[in-house]
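Novice: A single structure is presented below for examination.
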Amino acid sequence: MIVIAIPAGFRVAAMMRETADPTQLAVNESRLIRADGLSMHYRQWGPDDGMPVVLIHGTLAWAETWCDITGPLGDAGFRVIAPDIPPFGLSRRPPENDYSRSAQANIIIAFLDAMALERPVLVGHSFGGGATVEAAAMRGDDIRGLVLLDAALGLSTPAKGPPWFSPLFAFEPIRTAFASTTFANPLFISSGLRAFVADDTIVTDERVAIYRRPLAAKGTSAAIGAWLQTGLYGAHDGARTTSRQGMSEIAIPSLVIWGREDTVTPLEQGVEIADLLPNARLAVLEDVNHIPHVEAPEAVLQEMLPFLKALQAGAESGLRP
């Protein structure tokens, strides 16, 4: 029999730094809404009667990490809404610890229903792109448009595979300890961000503080550990959009934005996604890595605003160049 000992220090370290209730970490103008039993944190910008644009973040991000594009989108007349999708941010984590693509898509749909949003545009980044396209596939014509930013969908050109030790994540103490020292570790944020941008000067102390803030919430390491097992390295059985065929059935007008220097989800993945979606256009941003809305917000807005305005005006076809 193999016995694996987990040093108690990992769990103690996490407990010492993860002491805050999410409400203590909320920022000015934070909002909460109950969606299918979960208390979900979100931020909103722009007029209440604007076309709704819902921003779905990726790994270790939350509502505030969209800060470089939310104000300009709101000023352009759109109702911009950024929810925190668990296990990240300040929303309540689901008790069943299911972070599969289908489960997270259901959380997004529950949020859209709770907000009573009429034909929103969904914007998904990185890991959040998987749940975004799945929600779009599930809702069909109820979704007005789709924007994908360097989306990690794992189709025929998957992102980096799971580590050799990922089967050990089936054991809660092991995955929690791993999460505590890596993804949930505030000291990880600065180097992690620098790995995802082409220009290190973007990773300021203020930027790092934004990403670190939710990590102080109680139970963060345990929640991210569960996400490692069922989300990042999960099988995602039953999801419609894990196959090329499933993606090709999403006829929603789509804009795919990709950084040419992406080291996490290389550009060929963006090309494949744009080719599969029947009504999509690909915009490639030069000298940009994996988080374009942080690294090149002006370029992202330059692509998004005409697309959103066309959707608002009803010009929903012929988006391919």
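Just so it is clear, none of the values below were taken in a lab; they were calculated from the coordinates. Please read these numbers as outputs of a predicted model, since none were measured by experiment. Reconstructed Cβ throughout: ideal geometry from the backbone, glycine too, with neighbour counts over all protein chains shown.
Novice: Dividing the alpha-carbon Rg of the chain by 2.2 N^0.38 Å yields what?
Specialist: 0.95
Novice: Okay, moving on. Determine the gain in length on full extension of the stretch Arg194-Asn28; use 0.36 nm per residue of separation and subtract their C-alpha separation, reporting nm with one decimal. Please report the intermediate quantities before stating the final value.
Specialist: Values: separation 166, 0.36 × 166 = 59.76 nm, distance 2.73 nm.
Full extension of this stretch gives 57.0 nm more.
Novice: While we're on this one: May I ask you to derive the FRET efficiency for Ala251 and Arg212 from their Cβ-Cβ distance with R0 = 35 Å, giving the value to the nearest 0.05? Write down the numbers at each step before the final one.
Specialist: Working: r = 40 Å, r/R0 = 1.14.
That pair, Ala251 with Arg212, gives E of 0.30.
Novice: What does the charge count near Leu215 come to, summing +1 for each Lys or Arg and -1 for each Asp or Glu among other residues with Cβ under 12 Å from its Cβ?
Specialist: Working: positive: Arg17, Arg212, Arg213, Lys218; negative: Glu18.
Taking every Cβ under 12 Å from that of Leu215, the sum is +3.
Novice: Continuing with the same structure: Once you've got the GNM for the chain with C-alpha springs shorter than 10 Å, pick whichever of Leu168, Leu267, Leu149 has the biggest mean-square fluctuation.
Specialist: Residue with maximal mean-square fluctuation among Leu168, Leu267, Leu149: Leu168.
Novice: Just to confirm the filter: which chymotrypsin sites (Phe, Trp or Tyr not before Pro) across segment 137-199 are DSSP coil and have at most 15 other Cβ within 10 angstrom of their Cβ?
Specialist: Here the sparse-neighbourhood loop sites are Trp164, Phe165, Phe171.
Novice: Counting other C-beta atoms within 10 Å, which of Ser102, Ser166, Ser39 has the fewest, and how do the rest follow? Spell out each step's value before the answer.
Specialist: Values: Ser102 19, Ser166 16, Ser39 13.
Result, fewest neighbours first: Ser39, Ser166, Ser102.
Novice: Working out 0.36 nm times the residue gap between Ser243 and Ala170, then minus their Cα-Cα distance, what length gain in nm do you get to one decimal? Display every interim value, and only then the final one.
Specialist: On the way: separation 73, 0.36 × 73 = 26.28 nm, distance 2.53 nm.
My answer for the length gained is 23.8 nm.
Novice: What does DSSP give for the chain in terms of the percent of beta bridges that are antiparallel, rounded to the nearest 5? The partial results should precede the final answer.
Specialist: Values: 9 of 32 bridges.
So the antiparallel bridges amount to about 30 percent of the total.
Novice: Right, next: Please list, by residue number, every one of the GluC sites (Glu not before Pro) in segment 27-120 that is coil in DSSP and has at most 13 other beta-carbon atoms within 10 Å.
Specialist: Glu29, Glu96, Glu118
Novice: Hey, what number do you get for the chain at 222 nm if only DSSP H runs of n ≥ 4 count, each worth -39500 (n - 2.57), divided across all residues, to the nearest 500?
Specialist: -10500 deg cm²/dmol
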